[in-house]
């Protein structure tokens, strides 16, 4: 009985209809190749965009933030050494900060027009 089933499955069932049926099955298995088109067009372009965004975020944004932190750290260390606990030195430093701010403000106001 198994020999007859093997013979029937292997030799008698293979015809043009089965070949056509396999083509339709393979085509519909991939949703009419929509999945392939979706993968190549949309997902690949989104992955490239995400890689570019990740590079920009890691190298540029984090670099700017880390640079500002390092500058603030060294400025804080320098200012800490300038002040010796005397009020006169703190007042002098405060007046210098105000003067620098006014100079920068004046420079930006004159270049505005």
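Rundown of residues vs (1) in a helix (DSSP H, G or I); (2) at pLDDT 85 or above; (3) surrounded by 10 or more Cβ atoms within 10 Å (Cβ to Cβ), yes/no style:
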| position | (1), (2), (3) |
| --- | --- |
| 20 | yes, no, yes |
| 31 | no, no, yes |
| 37 | yes, no, yes |
| 40 | yes, no, yes |
| 63 | yes, yes, yes |
| 66 | yes, yes, yes |
| 71 | yes, yes, yes |
| 80 | yes, no, no |
| 84 | no, no, no |
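Could you tell me which of the residues 9, 51, 58 is at pLDDT below 70 and part of a helix (DSSP H, G or I)?
Values: 51 fails: at pLDDT below 70; 58 fails: at pLDDT below 70.
It is 9.
The values are calculated or read from the model by the stated rules, or taken from the named source; none is laboratory data. None of these values were measured; they are calculated from a predicted model. Here Cβ is always computed from backbone atoms with ideal geometry, including for glycine, and neighbour counts include all displayed protein chains.
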